[in-house]
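Below is one structure, written out as structure tokens; the observations come after it.
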Amino acid sequence: MMLNWDDPLAAPIPRVESKPAVKKETAEPIARDKATETTTPDTTEAKGHDTEASQSKTATPAAQEETSAPAADATEARAAKTPLKAVPFATEALDAPVAESAAPVVEKAAPPARAVADSAERTPMQQRREAEAAKPFTPMSPINPEDKRVINGIGDINQLAPFKYPWAWDFFINANKNHWTPLDVNMTSDISDYHHKLKPEEQHIFENVLAYLTTSDILAMRNIGLAVMEKMTAPELQIYQARQVYEESLHTWTYQHCIETIGLDQSEIYNRYRMVPEINQKIQIGNRRLDAVMRPDIDLRNPDDLEEFVLSYAFFSGIFEGCWFYNGFSPVFALQRRGLMKGTAEQLQYIMRDEVMHVSFGIRVVRQIMQEEGVQLDPRDIRDMWDEAEAAEMAYSKFLLPKPILGYSQEDHHEQFRFIGNRRARQLGMEEPFPGAKNALPWLDEQSNMRKEKNFFETRVTEYQTGGALKWD
């Protein structure tokens, strides 16, 4: 059996045995017979002579000597009688076995490809490569950690240590202790809850939370992987961000797993951000921030470009993930507190703990850039950022909660956004954008900080090593 290389997952292809090779003694007459079928009637005599010639191959040497001279004479007569243009192939095939005195024709072998390439003119790429290879090696001085910077550094991006930012390496180590997958969580009860226990307004909330989060996590992944990582000049920062990219893709898998397991229409759920203006508004704000720092001509040594990059990074860390994500999980947690959709809520708890680390890391990087580069963000730009984020979140909460459910309302959602926004602003070193905001959902932090004990036979224990020790301020 052979592997199907076009589709490795398909069944193997039965091996086809090749036919046994035809012996040379029988192959040559067959070829001659087929060739002579297309000749003129004048070659009939030649065909008979060819049969005699083939029989002479099996005769004794003495007999072959006796028949060689007449055969040569017959061949010359046949060649003179038959026009060359009528039987070019047949004449060649018939003459080959009997013209023993003719010298074999040896075709000249083509020169090797390398010889042809060596004799041809060098391409610009080859010339550059050879010029680089011809340069003598010059030993370099050791890396000084103090030369490293978050951006615009002069260190070696390929050399990890010595560290300048050991805290970034600690983030990476801790993130690897927090591994999980959506397949670790039992979703059986969620199927029954959604189809038999949730009210229509609760189904509306559940579906649209997933519709928003599944698109948002892809956007968060693109921001870190495409807009941020390549601008970092310290490898310990990039390494944690690479882990962050993986975690964002894991979160996207989780939402897809929940949607598929419960039996929702994937096409309809995934397309809601294109159809629902309250979801689309938040996505477009993120897209605009992302596009601004993915310009090919962006120069972080230019003060205006640098400020735009820092503001974009602050938005994604402090608002997109720090407020919108954090607040976005709370409606499902409200269902969980009533014993509903426990599997999905557990998955969101694990995602929330990842996001807490993403937010903490991003905010620390933003503050480090501002310190190293002397960035002073314009207070008007900061105010606009918070006002735009609040307006989008208020519209989203009105769409999500047209009427309250047990234990959760539109006012709770909006006020909690303002409260978490003040927390993120303090962490970024900014003034509180919403003075006097109240903690409308005091139980929300417990969803991230609480260590849970589980019956092994009910669900796989997936414990976060750092979950209970996280600090907000």
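The values are calculated or read from the model by the stated rules, or taken from the named source; none is laboratory data. Being a predicted model, the structure only gives us computed values, none of them experimental. Positions of Cβ are backbone-derived with ideal geometry, glycine not excepted, and every protein chain shown enters the neighbour counts. Heavy atoms of the whole protein, side chains included, go into the accessibility calculation; ligands, DNA and RNA do not. Shrake-Rupley method; radii C 1.70, N 1.55, O 1.52, S 1.80 Å.
The table below gives the values:
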read-out: Karplus 3J(HN,Hα) series, Hz, for the stretch 129-138 with 6.51 cos²θ - 1.76 cosθ + 1.60 (x for Gly, Pro); value: 5, 5, 5, 5, 5, 7, 5, x, 6, 10
read-out: Distance in nm between pseudo-label sites at E201 and E431 (7 Å out along the Cβ direction from Cα); value: 3.9
read-out: Sulfur and carbon atoms: percent of accessible area, the stretch 141-278 [1.4 Å]; value: 55
read-out: Rounded if a/c under 1.5, otherwise prolate or oblate - the stretch 351-423, Cα gyration tensor axes; value: oblate
read-out: Highest average packing first - 435-446, 405-416, Cβ atoms within 10 Å; value: 405-416, 435-446
read-out: Accessible area of S317 in the full protein assembly, 1.4 Å probe (Å², nearest 10); value: 0
read-out: Whether the stretch 206-317 is rounded, prolate or oblate, judged on the alpha carbon gyration tensor where a/c under 1.5 counts as rounded; value: oblate
read-out: Residue-count net charge about E207 - beta-carbon cut-off 12 Å; Lys, Arg +1, Asp, Glu -1; value: -3
read-out: The stretch 341-420 - percent of accessible surface contributed by carbon and sulfur, probe 1.4 Å; value: 49
read-out: Inter-label distance, nm, simple model (7 Å from Cα along the C-beta direction), R338/V375; value: 4.3
read-out: Net charge of Cβ neighbours under 11 Å - reference D305; Lys, Arg +1; Asp, Glu -1; value: -2
read-out: Around Q266: net Lys/Arg minus Asp/Glu count, Cβ-Cβ under 12 Å; value: -3
read-out: Spherically averaged projected area in nm², based on the convex hull that wraps the Cα atoms of the stretch 119-230; value: 15.1
read-out: Computed Kirkwood radius, in angstrom, where 1/r is averaged over Cα pairs of the stretch 230-272; value: 12.4
read-out: Extension gain from A134 to R288, taking 0.36 nm per residue of separation minus the Cα-Cα distance; value: 50.8 nm
read-out: Whole-number accessible area per residue in Å² for the stretch 210-350, which is evaluated in the context of all protein chains at 1.4 Å; value: 32
read-out: Column: log10 I(q)/I(0), Debye, Cα scatterers of the stretch 308-458, q = 0.09, 0.13 Å⁻¹; value: -0.31, -0.62
